[in-house]
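Here's the structure, in structure tokens; my notes come after.
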Amino acid sequence: MAVKEETALGRKRRARRMARELAEIHPDAHCELDHTNALELAVATILSAQTTDVRVNEVTPRLFAKFRTAADYAAADRTELEELLKPTGFFRNKTDSVIKLGQALVERFDGEVPRTLDELVTLPGIGRKTANVILGNAFGVPGITVDTHFSRLVQRWRWTTETDPVKIEHAVGALIDKRDWTMLSHRVIFHGRRVCHARKPACGACTLARECPAYGTGPTDFGTAVKLLKGPRVTELADLAEHYHEAPTSRARSR
Ligand code: SF4
């Protein structure tokens, strides 16, 4: 798709069309870290560094059953905690982070996870990305989570040319309604995990193809591309893509 001459308004409209399409493609998008409250989500997010959400979810049931409050983490037996966190990797650093998080929450916030970005980023182990995950998913405050998938995709889509995560967050925030920020983040990340991979995106099996300036970065042949799809909804994604690539004109007219 040629977007060389795209105006700011044109980009915003295209971004919003793509956001609507993402909602259709990934209706199951959600925060993949299991949690029942803000403290659990904060801890799970710290544990998710350098590992998968699946691995974190294997560890957290036992962890959360034992450590229920910030005070529990603040007073944790380090050896016991390290043993629980071992499967997530880098467990000494992570143990250190969650103990310090518990201490900071007890000392400065009466043991409660604060509800603002400015306060959250003062906590040990909580960067801006984690803070936005907590705000969006535990408190219902719209937040854009810029992780490696999100950065890659919005750059491919030329929603922004920024590379700094904070600047990306602001640039995308200007294109998409605030109330949609949290779900958009999940959907973009799902698309990055399942379709638009870093090395070989499944362009020929992607229903964003006509809006995407990077179409052709991966194989455009449906038969080849469909094998690159990942995740539990491969069949649904393939069906959507087959319909989309077979009937481009009717689909285009319906937009
Ligand atoms: S067309 Fe290709 S590059 Fe564009 S979003 Fe789809 S998979 Fe990614």
In Å², rounded to a whole number, the accessible area per residue of the chain with probe 1.4 Å is 51 Å²
Over the range 18-69, what is the mean sequence separation of C-alpha contacts under 8 Å (at least six apart), divided by residue count, expressed as relative contact order in percent?
31 percent
Estimated FRET transfer efficiency when R0 is 45 angstrom, pair residue 5-residue 93 (beta carbons, to 0.05):
0.40
Would you list 164, 147 from the most to the least accessible area, probe 1.4 Å?
164, 147
Only Cα pairs within less than 10 Å get springs; with that Gaussian network setup on the chain, which residue of 151, 185, 48 has the largest fluctuation?
48
Formal net charge of residues neighbouring residue 68 (Cβ-Cβ distance under 14 Å; K, R +1; D, E -1):
-1
With a 1.4 Å probe and all protein chains left in place, how much of the accessible area of the chain comes from carbon and sulfur atoms, in whole percent?
50 percent
nm² value of the averaged projected area, convex hull over the Cα atoms of the chain:
14.0 nm²
Dividing the mean separation of Cα pairs under 8 Å (6+ apart) by the residue count of the chain yields a relative contact order in percent of 19 percent
Expected max-MSF residue from 173, 102, 143 in the GNM of the chain (alpha carbon, under 10 Å) is 173
Determine the relative contact order of the range 55-202: mean sequence separation of Cα pairs under 8 Å and six or more apart, normalised by residue count, in whole percent.
15 percent
Could you give P(r) for the range 1-130, binned at 10 Å from zero, as whole percent values over all Cα-Cα pairs?
12, 36, 24, 14, 11, 3, 0
Non-local Lys pairs in the chain, i.e. 8 or more apart or on different chains, that have alpha carbons under 14 Å apart:
5
With a Förster radius of 30 Å, plug the Cβ-Cβ distance of residue 71 and residue 163 into 1/(1 + (r/R0)^6) and report the FRET value to the nearest 0.05.
0.15
Stokes-Einstein D for the range 124-247, Kirkwood Rh over Cα pairs, 37 °C, 0.692 mPa s (µm²/s)
216 µm²/s
Computed helical MRE - 222 nm, the chain, DSSP H runs ≥ 4 contributing -39500 (n - 2.57), nearest 500
-17500 deg cm²/dmol
Which one of 111, 157, 131 has its Cα pushed farthest toward the positive end of the charge dipole of the range 109-201, where Lys and Arg give +1 and Asp and Glu give -1 at the Cβ?
157
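The values are calculated or read from the model by the stated rules, or taken from the named source; none is laboratory data. In this text, all values refer to a predicted model and were calculated from it rather than measured experimentally. FYI the Cβ positions are ideal-geometry reconstructions off the backbone, even for glycines, and counts take in every protein chain you see. Surface areas here come from the heavy atoms of the whole protein model, side chains and all, with no ligands, DNA or RNA. Shrake-Rupley method; radii C 1.70, N 1.55, O 1.52, S 1.80 Å.
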